[in-house]
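To keep things clear, I will list the structure first and then write my remarks on it.
The values are calculated or read from the model by the stated rules, or taken from the named source; none is laboratory data. Small disclaimer: the values here were computed from a predicted structure and weren't measured. Cβ: placed from backbone, ideal geometry, glycine included. Neighbour counts: every protein chain shown. All accessible areas refer to the heavy atoms of the entire protein, side chains included, with ligands and DNA or RNA removed. Shrake-Rupley method; radii C 1.70, N 1.55, O 1.52, S 1.80 Å.
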Amino acid sequence: MKHSLMLAACSLSLASVAFAEEPVTSLEPVVVTATRTPQADSLASVTVIDRAEIERRQARSVPDLLQGLAGITVSRSGGAGQGASVFLRGTNSDHVLVLVDGVKIGSSTAGQTPFENLPIDQIDRIEIVRGPRSSLYGSEAIGGVIQIFTRRGGGALTPRVSVSAGSRGAADVAASLGGGGEQAWWSAGANLTSTDGINACDGRASPFAGCGVEQPDRDGYRNTSLSLRGGYAFSDAAKLDVYLLRSENRTEFDGSEYAGNLSRAEQQVLGTTAVLQPLEPWTLRLTAGRSWDKYRAYFEDPDTGADETFVDSFDTERDTFSLQNDLTIGTAHLVTLGLDYQEDRVGGSVDYSEDSRDNLGVFGQYQGYLGATDLELSLRHDDNQQFDGHTTGSAAIGYRIGPDTRVSLSYGTAFKAPTFNDLYYPSYGSPDLDPEQSESLELGLTGILPLGASASGSWDVRLYETRIDDLIAYDAAASAVANVQEARIRGLEVSSTVRYADWSTQANLTLLDPENRSEGPSQGNLLPRRPQQSFRLDIDRQLARWAAGASLYVAGRSFDDLANDDRLDGYALVDLRAEYALTQALKIQARVENLLDEDDETAYLYNRPGRSFYLTLSYQPASAN
C-alpha cells in the first residue's frame, strides 16, 4: 500500500464544501486525562469519544470504537469476547494505562486490560491521550492513557432501554435510569450480551502455532454488567462522587486441557472522588478506589462432552489513593502537586513467591499560558517496593501561529514496571528485572480549517519517535525472562474532522515504523501485529428522522512473530449503518459490519467474523444522559 494513496484518501475529509443555510459552530471538548486537570485545548494528541458518537457508530464493543483511530492498532484473537490487544503508537499492548473514572484497572499478573469485557452500554465517554504520561500517572503510560467515564445521570428522571439482535445468535439487552435534579446526579444501568460466536482459531499442534489445537466449534460469549454512580454538589466548593462498574463474563475459546478452553472472568472497579475548594485559587481532589480482576480457566472435552474441569485461576486486587492540589496563580499559571499510592495483591492457583507490593508516586506539574505560548512541565518520582525508585519527566511547548494554527514540541520519559508473572511466575519469572524505560519526542501541528461560516473543521498532524529500552522478554540462555530487547518506533498521525450542514466526516491516517532494535536475528524487523499503514474514514448524514453512515478501515500488512515469518495480509473493511426515529424517543437502528466479507486476520491463525448484520430498537428521551 502506497503512502500517497493513503494521503489521497485522507484528503477526502478535507475536500472543499459548498454553502449551507445556517452557520456551523463547534466547541472543543473539555479533557481531564492529558494533564489531570480540565483543559479545552491540550498540547497532547487527544481523541474524545462521547455517548452520542458511540450511539451514532452503533459500536458493539470498546475495541470496535478504538480500531482505526490515529495511532491505535487493535489485534483480536477471534470474535466477540475473545482477547483484544490495543497497541498505542506502536508500543506494546501493556504500555497503555487504563482508568475507569480515575481508578486504574487491569491485571497485575498478565499486565493487560481486558478491553473486550468492558460494557459499552455503561460508558458515557472515552478520552484517549497519546504519548508518554508516566510523569503524571506512573507505570504503564509509555504509549499513552485511555480513560473511561461511566454514565453520570443528573437532571430529570430519564430511562433508557435498548434491545438488539444479529448474526450468529448475537443478542443484547440494556437498560438504565438516571436523574438527580440540579445539585445531585445518579445513574443505574445493567446489560446482558451474548453470542454463539465463531470458531475462534484454526490452530496447529505441530509445529505449534496459533492456539496450538484444532477445535472446529463455535466459541460463544456472554457478558453481564452493572453500573452504579451517584453524587452531590453540597456547594460550588464541595462535591462528592461514588461509582461502581462490574462485569461478569463467560468465554469459550480453543485450547487444551493444560490451558483450558472455557473461562469465567470478573472485572470490577469501585471508587469515590471528593472535590473541595478551600480557597478560590486552590482546588483539592481526593480519589480512592479498588479494582478487581479475576480469571478462572476450565476445560470441556469436545470429544467426550465431559463436565468442565478446573485448570487455573488468577486474581488481582488493587487499592489506589490519590491526593491532588491544583493552585491557580493569576490567570496564566496553574501548579499541580500530588501523590498517588497503589497496593497490588495477587492470588489464585499459582504460588507466587511474593504476592503483594506497593508504590508511592509524588508528582508536580506547571501549566503556563503566556500570550501565544503554552507551556507544560511535569516531574514524578515513584518509589516501588520491588524495584526501588524511578523518576520520569516531560516538557511541552506550544506556539500559536495566528488565530487558527499552533505548533508544538514535546519530550517525555516513561516506564513500565514488571508484572507479577515477569517477576515471580514459577520457572519463568526473574525478581531482578528492571522497569522497561522509554523516551519520546513529538512535533505537532494543529489548526482550524478555513471553511467559513458555512462549515467547521479541524486538523491535527503529529510526528514522533519513541525509543524503548530494557524490554522484558524470555531469555533462553537464562531460562527466565530478562531485560533483553529494545525498540525504536517512528510514526506520523494525521486526523481531521469536517461538519457541514447535515454531514459529518472524520478521517484518521497512521504511518508507522515499529522497528525491533534487539540484538540477534530479528534485529531490524517489524514489531509484531503493528501494520505500517492504517486509515479510517467515517461519513455520516442526518436528515430529519433518518440518519445514515459508512466507515472504511484499511490496514496494511503486518507480521505475527519477531522473525517476520508469519505474515498477516492487509485488508479493507466497510461498515454501513442507518437509523430511523419512529418517535422523538423511539428509534430503530441497523448495521452491516464487514460488508465485503473480508478476511481481517489480526493474529496468526485466529479467525474473525465475516459479514454480519445487527438490528437495534432503543427508547431514550431526548434529555437522556
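Within the stretch 548-571, restricting attention to residues that are surrounded by fewer than 19 Cβ atoms within 10 Å (Cβ to Cβ) and more than 21 Å from ALA603 (Cα to Cα), which residue is farthest from the chain's Cα centre (by Cα)?
ALA548
Give me the residue from the stretch 529-547 that is closer than 17 Å to GLN67 by Cα and without any contact (Cβ under 8 Å) to a residue 60 or more places away in the chain and, out of that set, least open to solvent (accessible area, probe 1.4 Å).
So, considering only residues that are closer than 17 Å to GLN67 by Cα and without any contact (Cβ under 8 Å) to a residue 60 or more places away in the chain, the one least open to solvent (accessible area, probe 1.4 Å) is GLN532.
Looking at the stretch 448-497, which of the residues that are among the aromatic types (Phe, Trp, Tyr) and at pLDDT 95 or above is nearest to the chain's Cα centre (by Cα)?
Of everything passing the filter in the stretch 448-497, TYR464 is nearest to the chain's Cα centre (by Cα).
Report whether or not SER187 is in a strand (DSSP E or B), within 24 Å of GLY102 (Cβ to Cβ) and in contact (Cβ under 8 Å) with a residue 60 or more places away in the chain.
So SER187 fits the description; yes.
Has the stretch 236-246 got at least one residue that is closer than 17 Å to VAL173 by Cβ and part of a strand (DSSP E or B)?
yes
Can you pull out every residue in the stretch 56-111 that is basic (Lys, Arg) and within 25 Å of GLY255 (Cα to Cα)?
Hit for the stretch 56-111 is ARG76, nothing else.
Among the residues of the stretch 517-525, are any outside any loop (DSSP other than H, G, I, E, B) and in contact with a strand residue (DSSP E or B) (Cβ under 9 Å, 6 or more places away or on another chain)?
No: zero hits.
Pull up the stretch 435-453, narrow it to residues that are touching a residue at least 40 places away in the same chain (Cβ under 8 Å) and either of a type in the set (Lys, Arg) or not in a strand (DSSP E or B) (or both), then point me to the one that is least open to solvent (accessible area, probe 1.4 Å).
Out of the qualifying residues, it is PRO435.
Run LEU279 past the list (1) of a type outside the set (Phe, Trp, Tyr); (2) surrounded by 14 or more Cβ atoms within 10 Å (Cβ to Cβ); (3) out of contact with any strand residue (DSSP E or B) (no Cβ under 7 Å at 6 or more places or on another chain) and report the number of the one that doesn't hold.
(2)
When the residues of the stretch 250-274 are narrowed to those that are charged (D, E, K, R) and part of a strand (DSSP E or B), which ends up nearest to ILE148 (Cα to Cα)?
Checking each candidate, the answer is GLU266.
What residue, of TYR604, TYR614, TYR619, is surrounded by 16 or more Cβ atoms within 10 Å (Cβ to Cβ), touching an Asp or Glu at 6+ places or on another chain (Cβ under 7 Å) and among the aromatic types (Phe, Trp, Tyr)?
That would be TYR604, the only listed residue that is surrounded by 16 or more Cβ atoms within 10 Å (Cβ to Cβ), touching an Asp or Glu at 6+ places or on another chain (Cβ under 7 Å) and among the aromatic types (Phe, Trp, Tyr).
Within the group GLY429, GLY398, which residue is surrounded by 15 or more Cβ atoms within 10 Å (Cβ to Cβ), modelled with pLDDT under 95 and in contact with a Leu (Cβ under 7 Å, 6 or more places away or on another chain)?
After ruling out the rest, the residue left standing is GLY429.
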